[in-house]
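Before any comments, here is the structure.
The values are calculated or read from the model by the stated rules, or taken from the named source; none is laboratory data. Just so we're clear, the structure is a prediction, and the values are computed from it rather than from any experiment. Cβ coordinates were reconstructed from backbone atoms using ideal geometry, including for glycine residues, and neighbour counts include every protein chain displayed.
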Amino acid sequence: MKSKFVIFAVGMIIVSSCKSTKDLTLIKVKNDLDSKIYIELWGYPAKDYKDNKAGAFDGIVKPNNSFIIELKESDLYIKTPDISPVYDTSEYAGFEIFIYKPIGEEIVIFGDTPKDTLYFEKIDLKNLIHNRPKIIKIK
């Protein structure tokens, strides 16, 4: 009986140790362009906000770099060595991901400045969590 328990316990340790940070990745945007790209990720629905959406994440991605949103338990955050805002998945039903190069002004986050849109998609959060990771390559 003891040997069965030990085998089961060892099996659980192996399964637990196989979990990698890749399992945490929810959205990965890879910038394959020769210039920076700008990302805005708007959460919806958001009561009392313009257009019923709220800014959740933003970033500027240099060439040959990535922007990664991770999910751990019910928390969403940017994979970064710096501090990231953290949002509970219960706050949103989904996201609009907007990737662009600004026209004119260098830094434009959550602004109304004209932009050169490279990618736009409205993403259902439940489907995203179930079918993760979502990989977006900007070429």
message: Out of everything in region 73-84 that is at pLDDT 85 or above and assigned to a loop (DSSP other than H, G, I, E, B), what residue ends up being nearest to the chain's Cα centre (by Cα)?
response: Lys79
task: Pull up region 89-131, narrow it to residues that are among the charged types (D, E, K, R), in contact with a strand residue (DSSP E or B) (Cβ under 8 Å, 6 or more places away or on another chain) and at pLDDT below 85, then point me to the one that is farthest from Glu70 (Cα to Cα).
output: Lys115
message: Taking the criterion of being assigned to a helix (DSSP H, G or I) and modelled with pLDDT of 90 or more, would at least one residue in region 14-24 satisfy it?
response: yes
query: What are the residue pairs meeting all of these: first residue in region 113-134, first residue farther than 16 Å from Phe98 by Cβ, second residue of a type in the set (D, E, K, R), Cβ atoms under 8 Å, and 6 or more apart or on different chains?
result: Pro133/Lys22; Pro133/Lys28
- request: Give the residue that is modelled with the highest pLDDT, with candidates limited to residues of region 36-72 that are assigned to a strand (DSSP E or B), within 20 Å of Glu91 (Cβ to Cβ) and small (Gly, Ala, Ser).
  value: Gly59
